[in-house]
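Worksheet: one structure, shown below.
FYI, it's all coordinate maths here, none of it is from the lab. Quick caveat, the model's predicted, so the values are computed rather than measured. Counting neighbours? That spans all protein chains shown, and the Cβs are built from the backbone with ideal geometry, glycine included.
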Ligand code: GDD
């Protein structure tokens, strides 16, 4: 059997995702019309012997309860949220919940970071993992030298794929192969985590840090990261192996990247679930260009022109002559006639007046490369907003550019 674990983090971790994380826990922010965490979960669903899916995080349980109950019905596999009392790090969280994770006696444990966007080639990874016989397999990707230091950099044996050396976000260049935050482990990983921790604890002189017989495990896993604390010491010991992907892969730390990742998932629908995209056929359909997702409860006027890379959430109303390109329109937004939205995210319940323009330059990586309207922002008729972040509940009655509006 296989169990899947998705590392969700918690509210303090999502600060770079503001102002969108004010409204919804980051893992639930919609990309291509589905919560961010839904994409890796659907990938797990393709694993034939999947027994359970666990979400581990330190968000409050109630933030996920609606989503999880809907999901458990759909998935036909139990989904459980395990809440940490505080951040224990990506390895600490796993380690502390090991009894629950091992309940079904799994042979393999798939561990995914919730903030990565990729094709999650889990079936092929599992096959490779079972063949090499190590305790862990990491998904890796070659990236350009310039960006490699933002991630874990690693060296693998080109013939066997064995992980030889691992350095988390190193200051000096190590390799252009990076850790994608997608792992498969055998249950022995818990022993390895325990061994690494007790070795490091035996080197410390601090009496308080030493585990006592009664609270042994809790003390050990107070804060431990999977990457630098576990992968680094286990590299070069014939325990960990790599699996390379050449498909798309991105990390979702900022709203700009959520826009980019939404497009990547729309493109993936085109290949795997084209029925989720709007076809643009039929008399009442708006004009559709490229990949567009429209929630079934949204109302779009037939004279609107949408795409490419547009995703429209529940109950949005898009008026006559509206033009939307490269954007995410969230629930209950109203866009009035002839308004234009390009390279932007329009927050829940916001409204755009007639002939308004909301746009970004399309540089996903720079802070003001796109425009983001927080919840309940009103852009009045004919107002132009370019490269701005607008915090919730603002009314804009004059045009603005390159500003954060607090
Ligand atoms: N439950 C829980 N508890 N989850 C956590 C915690 C924690 O205390 N800390 C982090 N996470 C989750 C995050 O939500 C994220 O999904 C994942 O664990 C990794 O987060 P970080 O530890 O903050 O690392 P990172 O995202 O900067 O970098 C990691 O991922 C990159 C790939 O996206 C590293 O492993 C890099 O090497 C890797 O390239």
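Odds and ends about this structure:
- Sequence of 322, 174 once ranked by neighbouring C-beta atoms within 10 Å, starting from the fewest: 174, 322
- Gyration tensor verdict on the range 249-406 (Cα atoms; rounded if a/c is under 1.5, prolate if a/b is larger than b/c, oblate otherwise): oblate
- In percent, rounded to a whole number, the relative contact order of the range 55-152 is 21, using alpha-carbon pairs under 8 Å and six or more apart.
- For the chain, the longest principal axis of the alpha carbon atoms and the long axis of helix 188-202 meet at an angle near 70°.
- For the peptides 141-150, 185-194, 23-32, the ranking by packing is 23-32, 185-194, 141-150, with the highest mean count of neighbouring Cβ atoms within 10 Å listed first.
- Whole-Å distance, taken between Cα centres, linking the range 270-301 and the range 51-89: 31 Å
- Three-way shape call for the chain based on the alpha-carbon gyration tensor, with the a/c threshold at 1.5: prolate
- Relative contact order computed over the chain (Cα-Cα under 8 Å; 6+ residues apart), in percent: 12 percent
- In the chain, the DSSP beta bridges split such that about 25 percent are antiparallel, to the nearest 5.
- For the range 323-340 and the range 102-164, distance of Cα centres in Å: 39 Å
- When the chain is treated as a GNM with alpha-carbon contacts under 10 Å, the residue of 152, 181, 290 showing the greatest mean-square fluctuation is 290.
- Mean residue ellipticity at 222 nm, helices only, the chain: -6000 deg cm²/dmol; runs of at least 4 DSSP H residues each add -39,500 (n - 2.57), and the sum is divided by the number of residues.
- Mean Cα-pair separation over length for the range 249-372, i.e. relative contact order, pairs under 8 Å, 6 or more apart, %: 18 percent
- Prolate/oblate/rounded label for the range 240-281 (Cα gyration tensor, a/c 1.5): oblate
- Packing, taken as the mean count of other beta carbons within 10 Å per residue, orders the peptides 35-42, 326-333 from highest to lowest as 326-333, 35-42.
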